[in-house]
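S.K.: Before we start, here is the structure in question, set down as structure tokens.
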Amino acid sequence: MSDFDLDRFDAVLLDLDGTLVDTLCDFVAVLNRMLSDLPAPFSTAQVSASDVARLVGKGSENLIKAVLTQVLAAQAPSNSAATTNFDALYPLAWRHYQRYYQSINGQFAVVYPGVVQGLQQLRAAGKRLACLTNKPTEFARTLLLAKGLSGFFDQVFGGDAFERRKPDPMPLLKACEALGSQPHRTLMIGDSSNDAQAAHAAGCPVWLVRYGYNHGEPIETVPAQGYLDSLSQLTRVA
């Protein structure tokens, strides 16, 4: 039996950022505009794509806090006043982030090669599909629509869809319930340890893509049932 045999699964859950769409440049643009609207030392700071690849994946709130913490550590590591400023600035940073992301969402993002072919194969094989991401649901739906991917999915669940988000297993279990599939018959495809940890805890098999972010760490250090170079590999499964 092939490592990528789809017959074992009734449904497939797919992560979004780093799995279906490369959104690093969206995040960089949004975060840098957000920072520019904040007081010093944040207003003079910039984040890079490598910064975002290391920090993204645990939801927007975590990403914003991680970026602010990184700036603070680099520019005011021992300034207690700046630390207080950080706590006060988070709500402002969140509002700027939301505003910029709504206007930028998908503008600099690119669908990874092989994604459309892979999704077509999954639908042709009769699998029920859900996009399961830590990105806010509204942003996820908008991005999928902008990139021509929304029609592949029966359900879209963002990080605000449930009380907890990946790597907690709750989103996967709730998604399985919504799709009417058992966890052991539901495949998770993602790009990070978040996806793998959630899948293991939920009892879902997991395949990981090699081209994603995974917090800047090599993906094959994360235990999984399989590793994909492209979702187009699914089209080669008999």
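The values are calculated or read from the model by the stated rules, or taken from the named source; none is laboratory data. Everything quoted here is computed from the prediction, not taken from an experiment. Note that we place each Cβ from the backbone using ideal geometry, even for glycine, and neighbour counts take in every protein chain shown. The accessibility values were calculated without ligands, DNA or RNA, using every heavy atom of the protein model including side chains. Shrake-Rupley method; radii C 1.70, N 1.55, O 1.52, S 1.80 Å.
S.K.: Can you list residues from other chains, or at least 5 along the same chain, whose modelled amide H is less than 5 Å from the amide H of Val209?
M.R.: Gly190, Asp191, Leu228
S.K.: Same structure again: Could you tell me the convex hull volume per residue, in Å³, taken over the Cα atoms of region 1-70?
M.R.: 104 Å³
S.K.: May I pose another question? Taking the Cα centre of the chain as the origin, how large is its charge dipole in debye, to the nearest 20, when only Lys and Arg (+1) and Asp and Glu (-1) carry charge on their Cβ atoms?
M.R.: Its charge dipole is roughly 320 debye.
S.K.: Using just the C-alpha positions of region 39-178 as equal point scatterers, what log10 of I(q)/I(0) does the Debye formula give at each q in 0.09, 0.14, 0.16, 0.22 1/Å?
M.R.: Each listed q corresponds, in turn, to -0.36, -0.78, -0.95, -1.42.
S.K.: Next question. Say we join alpha carbon atoms closer than 10 Å with springs in a Gaussian network model of the chain; which of Cys176, Cys25, Cys131 then has the biggest fluctuation?
M.R.: Cys25
S.K.: Calculate the translational D of the chain in whole µm² s⁻¹ from Stokes-Einstein, where the hydrodynamic radius comes from the Kirkwood formula applied to all Cα pairs, the temperature is 37 °C and the viscosity 0.692 mPa s.
M.R.: 180 µm²/s
S.K.: For region 105-238, with all protein chains present and a 1.4 Å probe, just round the carbon and sulfur fraction of the accessible area to a whole percent.
M.R.: Answer for region 105-238 is 50 percent, counting heavy atoms of protein chains only.
S.K.: Something else now. Please grab the % of Cα pairs in region 103-182 that end up more than 19 Å from each other.
M.R.: When all Cα pairs of region 103-182 are counted, 41 percent exceed 19 Å.
S.K.: Between Trp94 and Gln182, what FRET efficiency follows from the Cβ-Cβ distance if R0 is 45 Å, with the result rounded to 0.05?
M.R.: 0.75
S.K.: What's the angle, to the nearest 10 degrees (0 to 90), between helix 115-124's Cα axis and the longest principal axis of the chain?
M.R.: 40 degrees
S.K.: Along each of the three principal axes of the Cα atoms of region 117-238, give the extent in whole Å, ordering the values from largest to smallest.
M.R.: That works out to 30, 30, 28 Å along the principal axes.
S.K.: Let me ask another. Mind checking the per residue accessible area of the chain for me, 1.4 Å probe, whole number of Å²?
M.R.: So the chain comes to 42 Å² accessible per residue, rounded to a whole number.
S.K.: Given points 7 Å out from each Cα along the Cα-Cβ axis, report the Asn62 to Ala29 separation in nanometres with one decimal.
M.R.: Inter-label distance under the simple model: 2.5 nm.
S.K.: Something else about it: Amide H neighbours of Leu14 under 5 Å, counting only residues 5+ apart in sequence or on other chains, H built in-plane at 1.01 Å?
M.R.: Correct list: Ala130, Cys131, Leu132, Ile189.
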